[in-house]
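Just below is one structure, and these are the notes that go with it.
The values are calculated or read from the model by the stated rules, or taken from the named source; none is laboratory data. Model, not experiment: these values are computed from the prediction. Areas reflect the complete protein model, heavy atoms only, side chains present, ligands, DNA and RNA absent. Shrake-Rupley method; radii C 1.70, N 1.55, O 1.52, S 1.80 Å.
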Amino acid sequence: MIPIKFIPFIYAILFAIIMIAVVPRAEIRRLSIYGILFGAVADVIVVVFGVLTGSFSYINYEELGLFGLHFFAPISWALFFIIYFYFLPKLRIYQYIYTFSAVFYSMMFCQMISKLGVLKLTHGIIDSIIPFVIWIPLATWGFLKIEKTDR
């Protein structure tokens with residue numbers, strides 16, 4: 001059995017493999033800043049808020065984290081958002097469906113890593129709903145606004 005502390009490392013590797021397999025290199029370069037901003041930086045902000053409020057934090061990270069933050073989680077979120085923004089549909093109705101799907105996936109993923117012992121949720125499923133209902137639509141909106149002004 002794999003030690004719990006390596007689970008975030010494994011999903012970072014999986015996201016990296018998926019990203020390299022499906023996103024063209026030029027798009028990875030273009031979308032990396034958005035992945036870092038809306039994925040990695042946002043994850044650190046969300047987790048710091050969760051730790052400060054006592055709502056949630058990473059656990060069992062041992063030497064792979066510090067102060068309730070696992071080092072590989074921001075990397076995974078950056079990779080996730082590069083893939084997410086690459087496949088973001090152009091039509092508004094599909095963007096809503098896509099964003100809702102990403103929120104739902106993220107909530108399920110959060111529940112899974114909580115059950116695996118990687119994340120501690122103080123208020124159960126509420127702690128896996130609220131951050132993603134705010135974070136992913138806000139990241140999508142920000143990305144679309146930035147992309148609109150860049151063109």
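Some points to look at:
- Take every Cα pair under 8 Å whose residues are at least 6 apart in sequence, average their separation, divide by the length of the chain, and the relative contact order is 30 percent.
- Taking every DSSP helix (H) stretch of at least 4 residues in the chain, weighting each as -39,500 (n - 2.57) and dividing the sum by the residue count yields a mean residue ellipticity at 222 nm of -23000 deg cm²/dmol.
- Relative to the longest principal axis of the Cα atoms of the chain, the long axis of helix 7-22 lies at roughly 20 degrees.
- Share of pairwise Cα-Cα distances greater than 16 Å in region 1-79 is 55 percent (whole percent).
- Value of Rg to Rh for region 98-147, rounded to two decimals, is 1.07; Kirkwood radius and Rg both from alpha-carbon coordinates.
- Here the chain is described by how far its Cα atoms reach on the three principal axes: 44, 29, 22 Å, from widest to narrowest.
- Convex hull of region 66-151 built on C-alpha atoms - directionally averaged projected area, nm²: 6.4
- Semi-axis lengths (Å, descending) of the ellipsoid that matches the C-alpha gyration tensor of region 59-113: 29, 13, 6
- Per residue, the chain exposes 58 Å² of accessible surface when a 1.4 Å probe is rolled over the protein heavy atoms with every protein chain present.
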